1. If the reach is capped at under 25 angstrom between alpha carbons, list the lysines near Lys155, excluding any in the same chain fewer than eight residues apart.
2. With contacts defined as alpha carbon pairs under 8 Å and 6 or more residues apart, what's the relative contact order of the chain in percent?
3. Expected output is a single nm value to one decimal: the length gained when fully extending between Tyr86 and Lys167, i.e. 0.36 nm times separation in residues minus the C-alpha distance. What is it?
4. Gain in length, Ala100 to His64, computed as 0.36 nm per residue apart minus the alpha-carbon separation, to one decimal in nm?
5. Helix-only estimate, please: 222 nm mean residue ellipticity of the chain, summing -39500 (n - 2.57) across DSSP H runs of length 4 or more and dividing by its residues, to the nearest 500.
6. Excluding Ile160 itself, calculate the net charge of residues whose Cβ lies under 14 Å from the Cβ of Ile160, where each Lys or Arg counts +1 and each Asp or Glu counts -1.
7. Using the Cβ atoms and a cut-off under 9 Å, what net charge is assigned to the surroundings of Gly11, where Lys and Arg are +1 and Asp and Glu are -1?
8. For the chain, build the convex hull from the C-alpha positions and give me its volume per residue in Å³.
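Only the coordinates and a few stated rules stand behind these numbers; no lab work does. Worth saying up front: this structure is predicted, and the values here are computed from it rather than measured. Methodologically, a virtual Cβ is constructed for each residue, glycine included, from the backbone with ideal geometry; neighbour enumeration extends over all protein chains shown.
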Amino acid sequence: PRNAQLIGTAGGLSRDKGIEPVYAAFLELKERNPNLHLVIAGAIDQNCPPPNNPHVHYLGALPHREVATLFGALDVAIVYLRNTPYGIYSFPQKIYEICACQVPVVVANVGSMSKLFENSADILYNPDNAAHLACAIENQLTAPSYSKLAIMDWKDQAHILENVYEKILSDG
């Protein structure tokens with residue numbers, strides 16, 4: 001809907017990765033904000049399906065080239081993780097995609113995300129805590145803050161790798 005506020009995410013929509021608090025936070029916020037919609041894309045965990053609600057829009061598994069369009073349409077994007085070995089050691093590339101789209105984001109305070117956003121505590125939420133996630137989303141909807149995360153392109157990445165190779169060769 002045109003005048004709706006859209007929150008959402010894309011990726012593996014599984015309980016193990018932390019989608020359940022996203023669903024719970026949406027339902028909590030929906031009670032206070034009837035204009036709120038949840039947009040999700042990716043593989044659904046059959047043991048943790050999305051809420052059966054007309055304001056939940058499941059787009060299926062999108063081709064990668066369409067994910068940025070989804071992110072760009074959101075008022076707030078959510079990067080969910082749990083405090084598990086997967087959450088601690090993974091690095092969700094989608095955070096760079098979301099920030100490149102200049103979309104306000106909320107991020108689980110776990111693993112590399114804790115370090116990456118240590119100076120942006122207002123966008124971090126405690127994993128598995130739907131109430132804390134709902135508060136972070138509501139804050140971003142009310143007074144959006146945009147990440148200042150530096151987005152490196154392939155040329156920047158190549159330069160870093162080149163310096164590493166040169167160091168290895170010179171130390172050899």
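1. Hits, sequence-local ones excluded: Lys94, Lys115, Lys167.
2. About 22 percent, as a whole number.
3. Extra length from Tyr86 to Lys167 when fully extended: 26.0 nm.
4. Full-extension gain reported as 11.5 nm.
5. Result for the chain: -12500 deg cm²/dmol, rounded to the nearest 500.
6. My count for the surroundings of Ile160 gives -2.
7. Once all neighbours under 9 Å are counted, the net charge is +2.
8. Cα-based convex hull of the chain, divided per residue, equals 134 Å³.
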